[in-house]
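This report concerns only the one structure given below.
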Amino acid sequence: MNKIVDILTARNVFVASLILAAILLAFLAPKAAVNVDEMLHYPHAKKVVNWYFSGGKDASCIDSPDNLQYYGQSVDNFTALVNRIFSIENEFITRHFTGAFFFLVLLFFSGLIGNQLTGSYWVSAIVVVSLMLTPRLFGQAFGNLKDIPFAAGYVAGVYYILKLLKEMPNVKWTTALCLGLAIAFTNSLRIGGLILFAYLGLGLIALIILKPFLLKYIISTKLCFVRLLGQGFLIAIVGYFAALLFWPYALQDVVHHPLESLSVMEHYKVSIKQIFEGNVIWSSNLPWDYLLKWIAISTPEFLILGFIFFLAFLTYKFSKPMSEQLFLELFLIFTFLFPIVYVMAIGSNLYSGIRQMLFVIPVLVVLASVGFYGILKLNAKRNIKWFATASVMVLMLLPLSHQASTFPADYIYFNAISGGNKGAWSNYEYDYYFHGIKEASEYLINEIGEEKAVVAMNAQLPNYFEKIPNINFKYTRYLERSAADWDYGLFGVNYIHPWQLKHDTWQSTKIVKTFYHKGNPLVVLMKRGDKNDLEGIKQIQTKNWEQGEKNLQNELKNDPNNVWLFVNLAILKLAENNFSEFDSLLAEGREIHPKYEPFYLLEAQKYYNQGNYEESYTVLNELVKVNPRYKNAAPLLKEVKQKLGK
């Protein structure tokens, strides 16, 4: 019995939780889905590696059309290097095991922060379990090689800052070096890691205010002053310059380019369509509470309860004199709240839920875990403690059940307080990474067998078919699918307009299978059959109008929700100046999708053709309200303004 008790020490339980997490991560990594961001950043990583191998001659990574040069993305680059050196065929396996490793690093340092705050490894073990049961984090552990490693670097930096503050004024050189390396790693992913320098400075100032004698001791003790000065220099040099070693764009100008990157990241110019509270909104124009709302609806209930416990204990501590414990807890709260307040204050361009702010979630988990631990230590009636503990454990089953039933699309999580996944579908971004395509692709590959086929998809994920010689990949938007030549289609529903989703006007009669997630359509499989729609569109483009109309009208009978058919028939009637039938087609099409941009543009073109420039201008303004970034409207808008003298 004593041996069992010795084994079940808090430290051993923490280590055991990490080992079990590592086993689970290693088991799931090969089964993880490839996300659409990987298809963007990994090719860039290959260019970065080639820049080094070519001695800088291949400079394609320095001037990227997608602004990728502003990302350090060191972990992406590392996987490209490993794959190149060892000629690894399955490149995404390397990436997903690497992601799993850095998620383990995140677990380790988050656990150590819990120990720093409380002196207990029981808290560390609670932190590890809680992080594993946070779907928005765990669900992105494998393919998100920017945000998860950045979160790992962030918590490592916070841990070493806490360690340094506790060691003051006798800071160990290893602590200073490790802090510098943690900051360097974080900056090597995204230059926003510079915030850790600010945390360090702020922490030192606050500590000196709390302990005024420290400053006097440091200044009066020459050896201590020189050592701390040297350690500060080490942290600054390593934390900044080591971050640039695997970042070609930054190496071109080690001062201006990183700062330029910081400015770009704070005010990202690329605007992306988002579904928020049932509306389509551009990411550059989101409401101020976007991030707060997302944190509230995507954080598991047990973490919210734990954080409430923590705040209750913190409030009690304010009734006592300031202590080092309270100071450290307040500092950690600051590292959670400040980034949130900062991005809201400067109006940063956020998108895809909490993805860019995932790095603050582990801090929230640590605070919640400290709250749980406080309940366990509370001098209260046993019944109260058992009830609180049982409540937390029962609430933990909610995300666990979700993860077990939805992997590899488990990152799509909404808590029950917000109405769960059922309430979120068509109201918020759902599968923005298109993880659901993995299961659908594997199913389709088996269905196709040896048949030669072209598979269309509204996500850039050709990797699922690259090793299948009889299958070719084609990208097309879901609503414009009739204009592309394909045999089978896999379409994720994430970027379909919420109005269509709510009114069930998005589904095609050619859908042969729907893949569900928590009861919500996630991906649909379509089998095309004949290609009358494609032939009809081609005939209209070549002005073979009679045959084109016949083909499209026949197709419309078979697939009445296909708005692209209405668009092309309307184009035909506009060319014929048949405005009566044109208006009827637009009216019918708008019953399926009242906010579809091509309908507005065609209507404005009709008024322009009729010489009614004012009405054309009015319709174009309505179109701009629906989609201010609809570039197809720019030429006509320019012509209308010229006609009106505007």
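Just so you know, all these numbers are worked out from the coordinates, no wet-lab data involved. Being a predicted model, the structure only gives us computed values, none of them experimental. Here the Cβ is made from the backbone with ideal geometry for all residues, glycine too, and neighbour counts use every protein chain on show.
One table, with the values for the structure above:
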read-out	value
Fraction of antiparallel bridges per DSSP, the chain only, in percent to nearest 5	65
Stretch in the chain that is longest and holds no chymotrypsin sites (Phe, Trp or Tyr not before Pro) that DSSP places in a loop and that have at most 15 other beta carbons within 10 Å	319-646
Between helix 532-541 and the chain: long-axis angle, C-alpha atoms, 0 to 90°, nearest 10	70
Lysine pair number, Cα distance threshold 17 Å (strictly under), segment 437-527, separation 8 or more or different chains	11
Kirkwood hydrodynamic radius of segment 533-644, from inverse mean 1/r over distinct Cα pairs, in Å	14.4
Around P628: net Lys/Arg minus Asp/Glu count, Cβ-Cβ under 12 Å	+2
Estimated D of segment 469-560 in µm² per second, where Rh is the Kirkwood radius over Cα pairs and Stokes-Einstein applies at 25 °C, 0.890 mPa s	170
Normalised per residue, the volume of the convex hull around the Cα set of the chain (Å³)	207
12 Å reach of a label modelled at E535, 7 Å along Cα-to-Cβ, counting backbone N of segment 419-453	none
Helix 222-241 axis, angle to the chain major axis (alpha carbon atoms, nearest 10°)	20
Ranked list, fewest to most other Cβ atoms within 10 Å of each Cβ, for H517, H435	H517, H435
Computed helical MRE - 222 nm, the chain, DSSP H runs ≥ 4 contributing -39500 (n - 2.57), nearest 500	-20000 deg cm²/dmol
Sites matching trypsin sites (Lys or Arg not before Pro) across segment 402-489 that sit in DSSP coil, with at most 12 neighbouring C-beta atoms within 10 Å	K452, K467
Rounded tilt (10° steps) of 195-210 against the dominant C-alpha axis of the chain	30
Whole-Å semi-axes of the ellipsoid equivalent to segment 247-293 (Cα gyration tensor, √5λ, descending)	32, 10, 7
